[in-house]
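Every read-out reported here was derived from the displayed coordinates using simple, explicitly stated rules and does not represent laboratory data. Here the structure is a predicted model, which means the values were calculated and not measured. In this analysis, Cβ positions are derived from the backbone assuming ideal geometry, glycine residues included, and neighbour counts consider all displayed protein chains.
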Amino acid sequence: MSSFPIILSAPSGGGKTTIAKTLLSRREDLGYSVSCTTRAPRPTEVPGRDYYFISRAEFLAKREEGAFAESAVVHGNLYGTLRSEVERVLATGKHVVMDIDVQGAVQFMRAFPHSVTIFILPPTAEVLLERLRARQTESPAQLAARLQSALQELQQVAEYEYIVVNDDLERAVSSVESIIDAETVSRERVKNLRHQVGLLIERLEQEIENSTS
Ligand code: ADP
Ligand code: 5GP
């Protein structure tokens, strides 16, 4: 089976980070692509685990040299996916989970068209607002900026193949797992399918020939 990128997008507060972390803690066939960002780390974030926190100048230099598979300005900061991160994980035979915004997802699909795209929806606007406020990671101004981009992100939902409603976390994670499992055995991803079926046919034809001769 061949490994593939899994893009998780959602409006801010939709739960993509929580879902990605839960999946990664549970499944050995997944790895994470650590993105670069120019935003400051949050108190709980670890450089190199959650993000590579780099300066704007470093980011622009990397972009210039073509290091990013995609990059975008999100809530006023630069974010980008390193090609080397994606390739590093895929080379281990694991699927690579990516938590990227909608603009980035569209660009990324051009570089890695065999990706699976999943949009996480909050069950209601009230729940989204409640979760965002309870997270307490943004100032009121940052929160307002996130709500503004949430509106734009929601309008891009049709770009995604799969939609998962994040009401109950366990149910949402299971749905994403089912998508991954189904994609793993989708016909286009099964390696050497012609060869495998060819061998079966050859053997059965032999058997038929033997039984009729
Ligand atoms: P995103 O990465 O999409 O911005 P987060 O994963 O940070 O969103 O989730 C936003 C907040 O909502 C976090 O505090 C998280 O713990 C909480 N949360 C996420 N999913 C659920 C869920 N299914 N039920 C309750 N709380 C949730
Ligand atoms: P946060 O700052 O809350 O971690 O992320 C803010 C937004 O940036 C989220 O929508 C997240 O999906 C997006 N994001 C994180 N990493 C990347 C990336 O590498 N590329 C793009 N385009 N968006 C990203």
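The table for this structure:
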{"quantity": "Global form of segment 1-137, assessed from the alpha-carbon gyration tensor, a/c cut-off 1.5", "calculated": "oblate"}
{"quantity": "FRET efficiency, Thr44 to Val73 (Cβ-Cβ, R0 25 Å, nearest 0.05)", "calculated": "0.55"}
{"quantity": "Percentage relative contact order, segment 1-73, counting C-alpha pairs under 8 Å, at least six apart", "calculated": "18"}
{"quantity": "Kirkwood hydrodynamic radius of segment 147-213, Cα pairs, Å", "calculated": "16.3"}
{"quantity": "Nearby lysines by direct alpha-carbon distance to Lys16 (threshold 24 angstrom, same-chain neighbours under 8 apart not counted)", "calculated": "Lys94"}
{"quantity": "Pairwise FRET efficiency - Leu204 versus Arg88, Cβ, R0 = 45 Å, nearest 0.05", "calculated": "0.60"}
{"quantity": "Gap separating the Cα centres of segment 49-82 and segment 165-195, nearest whole Å", "calculated": "29"}
{"quantity": "By average C-beta atoms within 10 angstrom, highest first, the peptides 202-213, 7-18", "calculated": "7-18, 202-213"}
{"quantity": "Relative contact order, percent, segment 65-171 [alpha-carbon distance under 8 Å, six or more residues apart]", "calculated": "29"}
{"quantity": "Length gained when the stretch Gln152-Thr124 is fully extended (0.36 nm per residue, less Cα-Cα span)", "calculated": "8.4 nm"}
{"quantity": "In Hz, Karplus ³J(HN,Hα) per residue of segment 124-130 (6.51, -1.76, 1.60; θ = phi - 60°; x = Gly, Pro)", "calculated": "8, 5, 4, 5, 4, 5, 4"}
{"quantity": "Extension gain, Leu24 back to Ala144 (0.36 nm per residue minus Cα-Cα distance, nm)", "calculated": "40.2 nm"}
{"quantity": "Nearest 10 degrees, 0 to 90: helix 169-184 Cα axis against the chain principal axis", "calculated": "40"}
{"quantity": "Extension reserve of the Ile163-Ser211 stretch, reckoned as 0.36 nm per residue once the Cα distance is removed", "calculated": "12.2 nm"}
{"quantity": "Diffusion coefficient, µm² s⁻¹, Stokes-Einstein with Kirkwood Rh over alpha-carbon pairs of segment 108-155 at 10 °C and 1.306 mPa s", "calculated": "125"}
{"quantity": "Relative contact order %, the chain, counting alpha carbon pairs below 8 Å whose residues are six or more apart", "calculated": "30"}
{"quantity": "With Cα atoms, 0 to 90° folded angle of helix 16-26 axis to the chain main axis", "calculated": "50"}
{"quantity": "Those residues of segment 146-173 whose amide nitrogen sits under 15 Å from the label point placed on Thr17, 7 Å along Cα→Cβ", "calculated": "146-147"}
